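The values are calculated or read from the model by the stated rules, or taken from the named source; none is laboratory data. Computed from a prediction, not measured in an experiment: that's the story for all the values here. As a convention, Cβ positions derive from the backbone with ideal geometry for all residues, glycine included, and neighbour counts pool all protein chains shown.
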Amino acid sequence: MAKSRRNGAARKRSGRPAGRKSLEGRVASDPGVCSGKACIKGTRIPVHIVLDLLAADESVQSILAAYPNITRDDIRACILHAAELAEEEAGVS
């Protein structure tokens, strides 16, 4: 129960996670980088790699150790990017 309260407290009235602004702009698509796939800005690390690692139950700490040039917020931005794509696909936006 405490966990759901904490998650609820971290959301703004719009239902979106708090701190969303700080994550904007961390994911970019550039046709000249990784064939235009969405990557963590300033890197050649595709968003899908980070998501695959998280889905495989890798910890954030192990991802940060494997990719020392990214931050915890970069990982959160990857998740947010995926959520936005899913929302668009569902026609929610």
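Quick one: in segment 40-91, of everything that is farther than 17 Å from Ser29 by Cβ and of a type in the set (D, E, K, R), which residue is surrounded by the fewest Cβ atoms within 10 Å (Cβ to Cβ)?
Asp57
If you check every pair at least six apart or on different chains, which have Cβ atoms under 7 Å apart with a residue in segment 67-93 that is under 14 Å from Arg20 (Cβ atoms) first and a residue that is of a type in the set (Lys, Arg) and in a loop (DSSP other than H, G, I, E, B) second?
Close Cβ pairs satisfying both conditions: Asp73/Arg26; Ala77/Arg26.
Restricting the search to segment 54-65, which residues are without any contact (Cβ under 8 Å) to a residue 12 or more places away in the chain and part of a helix (DSSP H, G or I)?
Within segment 54-65, Ala55, Gln61, Ser62, Leu64, Ala65 qualify.
Of (1) modelled with pLDDT of 95 or more; (2) under 12 Å from the mean Cα position of the chain (by Cα), Leu23 satisfies all except one. Which?
So the condition that Leu23 fails would be (1).
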